[in-house]
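Working notes for the structure below.
The values are calculated or read from the model by the stated rules, or taken from the named source; none is laboratory data. Every value quoted in this text rests on a predicted model; they were computed, and no experiment measured them. With ideal geometry, Cβ positions are generated from the backbone for all residues, glycine too; neighbour counts draw on all protein chains shown. Just so you know, the surface numbers come from the protein's heavy atoms only, side chains and all, with ligands and any DNA or RNA stripped out. Shrake-Rupley method; radii C 1.70, N 1.55, O 1.52, S 1.80 Å.
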Amino acid sequence: MPSFDTDTDTESQSDGLAGLLDPASRAFIQDPYAAYAAVRDAHPVARSATGAWLVTGHDDVTRALTDTERFTSRKNLDGDYPFTAETVAVLRQSRFFAQGMFNADPPDHGRMRGLLADFFSPRSVRRAEPMITSVAASLIDTMAGDGRADLVARLAYPLPMRVICTIMGVPERDHATVKTWSNDWTALLVLALPPERQLECARSLLDYERYCVSLLDERLADPRDDVASVLAAAALGPDRSCSLDEAVVVLRSLLLAGHETTSGLIGNTVLHLLRTDSWSTLVARPDLIPAAVEEGLRFDPSAQSTTRVTTSDVAIGGVLIPAGSLVHPMTGALGRAPGALVDPDVFRVDRETPARHLAFGYGIHYCLGAALTRLEMKVVLAELTARLPRLRLASGHEPEFLPGGFNFHALSGLPVEWD
């Protein structure tokens, strides 16, 4: 597919931009913000090494996220990389390509979102605060006497997983298995996998979906105060306000979104708190915890983008993008953009003006779980600063981030110490 940059349509420039915007490169995995800064002004819409188009300008990002006619969400769970024929054959036995809120356009999106909007409203989410606090306290209890730990493995990963599984209705005995299945599905979505790993993940998805169907059947017979019961009633009850395929896709999507992004955000935010004077500021002034959450969302969100596909040739940011092109509106690029606030490349929790960001997206697909994520972050920071005020990065620690395509930016681990 040729470049359509209307100002400088040169092969050498395309190659240079693609090199900067390569999600498999160590430079991009470790620091995507350097790449955003390098392309933001001159090339706010640029072709990446994968062939996808990256949008990094604020107005262009918001346009791509609100123009549902030209930028469809319908394929945003189809994966960013080609699959082998054998993998596709397995995936077609699954609901991998099926629709379910996250990859739906109006009016289907509104119909499915409406089923769960009340469940994830700020008022409803507040009811979960005692449970979240109990989980956070118990996890910190298990490591408090050790003096050191990997905060990702001991807190940032298990807390959001337990919380979202509880809210969704997944029994505790199944949490670890669901996490493995979710990891496999995520890998299919965002990573360039070797053929044998693609096939393994595709077969894993079939097992995951069979589990989801069985859980919905159980909740139809024995309803509880959880999301699975709501979806079971909608898909299998008399009203049939959504299909079984839609319910399964929504169930597994919420399980993924409800733990993966929050886990990454906890790790990223605590890293930057400990790298700066912000940790001691927060210990002395716990009233700044809400501001610290917003600063983490602005400065280093774990969710970097979503996916859209153009339905027709469309000009955006001075570039003509052909119909059928994969587009990533990079919401993660906006928090550090010049003009977002004073000193956007500095992490501070005591700013006079609130942090501005689109970490939860924009438009009709604004994150359904935004209130839950904010609450989990506030609880974690409150518990950590109160219980481990002398927390610090382990000596000699150099952060390592996981490959996450253009979608995720999260630490592989966070070794910390305290006394």
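Among 249, 274, 288, which residue has its Cα furthest toward the positive end of the charge dipole of segment 219-299, with +1 on Lys/Arg Cβ and -1 on Asp/Glu Cβ?
274
Please give the length that would be gained between residue 148 and residue 126 if that part of the chain were fully extended, namely 0.36 nm times their separation in residues minus their C-alpha to C-alpha distance (nm, one decimal).
So the chain would gain 4.8 nm between residue 148 and residue 126.
Where in the chain are the DSSP H helices whose C-alpha atoms run 18 Å or more along the long axis and whose mean Kyte hydropathy is at least -1.0?
129-144, 175-190, 195-221, 244-275, 370-387
Treat every Asp and Glu Cβ in segment 351-419 as -1 and every Lys and Arg Cβ as +1, leave all other atoms uncharged, and give the resulting dipole magnitude about the Cα centre to the nearest 20 debye.
With only Lys, Arg, Asp and Glu charged at Cβ, the dipole is about 280 debye.
At 0.36 nm per residue, minus the direct Cα-Cα distance, what do residue 59 and residue 138 gain on full extension? Give it in nm, one decimal, please.
Working it through step by step, the gained length comes to 24.1 nm.
Identify which of 145, 51, 332 has the largest mean-square fluctuation in a Gaussian network model of the chain, with springs joining Cα atoms closer than 10 Å.
Sorting by GNM fluctuation, first place goes to 145.
Suppose every Lys and Arg Cβ carries +1 and every Asp and Glu Cβ carries -1, with no other charges. What dipole size does the chain come out with about its Cα centre, to the nearest 20 debye?
Result for the chain is approximately 800 debye, rounded to the nearest 20.
Treat every Asp and Glu Cβ in segment 263-327 as -1 and every Lys and Arg Cβ as +1, leave all other atoms uncharged, and give the resulting dipole magnitude about the Cα centre to the nearest 20 debye.
In total the dipole reaches around 80 debye.
So what is the relative contact order for the chain, in percent, with contacts set as C-alpha pairs under 8 Å and at least six apart?
25
Whole number in Å², please: accessible area per residue of the chain, 1.4 Å probe, ligands, DNA and RNA not counted.
For the chain, the per-residue accessible area is 41 Å².
I'd like the GluC sites (Glu not before Pro) in segment 371-419 restricted to DSSP loop residues with at most 16 other Cβ atoms within 10 Å, sorted by number.
Hits after loop and neighbour filter: 400.
When the accessible area of segment 22-67 is computed with all protein chains present and a 1.4 Å probe, what percentage of it is carbon and sulfur?
50
What value, in deg cm²/dmol to 500, does the helix sum -39500 (n - 2.57) over DSSP H runs of n ≥ 4 give at 222 nm once divided by the residues of the chain?
It comes out at -15000 deg cm²/dmol, rounded to the nearest 500.
For volume of the Cα convex hull per residue in Å³, several values are listed as (1) 164; (2) 150; (3) 141; flag the one computed from this structure.
(3)
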